[in-house]
Amino acid sequence: MATGSDAGKSAEAVLEWPKQDKKRMLHAVYRVGDLDRTIKCYTECFGMKLLRKRDVPEEKYTNAFLGYGPEDTNFALELTYNYGVDKYDIGAGFGHFAIANEDVYKLSETIKSSDCCKITREPGPVKGGSTVIAFAQDPDGYMFELIQRGPTPEPLCQVMLRVGDLDRAIMFYEKALGMKLLRKKDVPQYKYTIAMMGYAEEDKTTVLELTYNYGVTEYNKGNAYAQVAIGTDDVYKSAEAVELVTKELGGKILRQPGPLPGLNTKITSFLDPDGWKVGSLTVN
């Protein structure tokens with residue numbers, strides 16, 4: 001039996017892995033009611049590319065990956081259509097995706113000229129600041145923040161999720177997944193605080209924007225948004241670290257690490273302390 005000291009050293013060793021691992025945010029998975037309509041919307045309105053599409057009739061679903069660059073270097077959106085299901089509940093917990101663009105005014109005009117997306121917030125500077133933003137809504141009701149920014153290798157720049165305890169969420173993603181707190185901003189006049197978490201600076205990669213609204217500790221998550229996937233060099237070590245952190249902060253392992261049937265890819269999946277699902281996989 002290990003002594004308390006040995007157990008402590010073991011835990012420290014397990015938690016060293018997320019700091020060393022070369023993790024990367026890979027894609028976000030969510031459900032849509034009309035796959036071809038959404039593909040048309042994202043390619044025409046947002047300028048995304050259809051990276052690949054696959055139909056899985058034995059499991060009655062089709063999915064499509066869209067983004068601004070190859071999946072081995074860029075973040076992607078994985079849209080899933082389940083046969084016969086044309087509507088989902090987005091809930092109150094999911095916030096938005098964000099797209100960085102050099103001219104949000106021009107992008108907004110492109111969106112307005114389409115017949116699939118709509119602008120819900122006209123382009124202009126944020127209150128009390130200079131950054132130009134707009135908001136657009138797709139046919140399924142998903143919100144996209146459009147952020148005016150110089151050239152970037154990753155236009156799909158944010159996934160925003162609401163959490164009930166911001167400090168706990170920050171600690172979870174730092175310890176379990178090796179993310180860095182890039183910045184934290186409190187906005188007391190509007191009663192919310194945000195934290196940007198990621199593996200590189202905001203203008204270089206996709207980040208998680210975690211939002212805490214004063215006094216709100218739980219959200220209805222609906223059944224539309226599914227998960228974010230994160231690449232790892234070793235899914236077994238990553239799962240070990242996650243499992244250890246969940247014992248301290250909450251959350252749970254949903255799928256123990258292992259290979260997908262018929263594939264070399266190895267995956268694990270888990271819930272964070274707020275119940276948001278995360279998939280971690282070894283990319284071969």
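The values are calculated or read from the model by the stated rules, or taken from the named source; none is laboratory data. Since the structure is predicted, the reported quantities are computational estimates derived from the model, not experimental observations. Because the Cβ atoms are built from the backbone with ideal geometry, glycine has one as well, and the counts that use them run over all protein chains shown. Keep in mind that these areas ignore ligands, DNA and RNA; they rest on the heavy atoms of the full protein, side chains included. Shrake-Rupley method; radii C 1.70, N 1.55, O 1.52, S 1.80 Å.
Quick one: in the range 215-242, which of the residues that are touching a strand residue (DSSP E or B) at 6+ places or on another chain (Cβ under 6 Å), under 17 Å from Lys23 (Cα atoms) and not hydrophobic (A, V, I, L, M, F, W, C) is most open to solvent (accessible area, probe 1.4 Å)?
The selected residue is Tyr236.
Quick grid of which residues meet (1) at pLDDT 95 or above; (2) under 18 Å from Val207 (Cα atoms):
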position: Asp86; (1), (2): yes, no
position: Asp89; (1), (2): yes, no
position: Phe94; (1), (2): yes, yes
position: Asp103; (1), (2): yes, no
position: Thr110; (1), (2): yes, no
position: Glu122; (1), (2): yes, no
position: Val126; (1), (2): no, no
position: Asp138; (1), (2): yes, no
position: Leu146; (1), (2): yes, yes
Review point. Which members of the range 169-209 meet the condition of being within 19 Å of Pro273 (Cα to Cα), open to solvent by less than 70 Å² (accessible area, probe 1.4 Å) and out of contact with any strand residue (DSSP E or B) (no Cβ under 8 Å at 6 or more places or on another chain)?
Key: Phe172, Lys175, Ala176, Gly178
Check your understanding: Among the listed residues Ala11, Ala76, Ala28, which satisfies the condition of being farther than 26 Å from Ser108 by Cα, in contact with a Leu (Cβ under 7 Å, 6 or more places away or on another chain) and among the small types (Gly, Ala, Ser)?
Key -> Ala11
Point to revise | Scan of the range 64-94 for residues that are under 13 Å from the mean Cα position of the chain (by Cα), open to solvent by less than 10 Å² (accessible area, probe 1.4 Å) and not hydrophobic (A, V, I, L, M, F, W, C), ordered by number | key: Gly93
Review point. What about Tyr212, is it in a loop (DSSP other than H, G, I, E, B), closer than 22 Å to Phe97 by Cα and open to solvent by 30 Å² or more (accessible area, probe 1.4 Å)?
Key: no
Practice item. Output the residues belonging to the range 51-87 that are farther than 22 Å from Phe97 by Cα, part of a strand (DSSP E or B) and either aliphatic (A, V, I, L, M) or in contact with a helix residue (DSSP H, G or I) (Cβ under 9 Å, 6 or more places away or on another chain) (or both). Key: Val56
Point to revise | Counted residues, the range 242-270 - those being closer than 15 Å to Leu210 by Cβ and of a type in the set (A, V, I, L, M) | key: 1
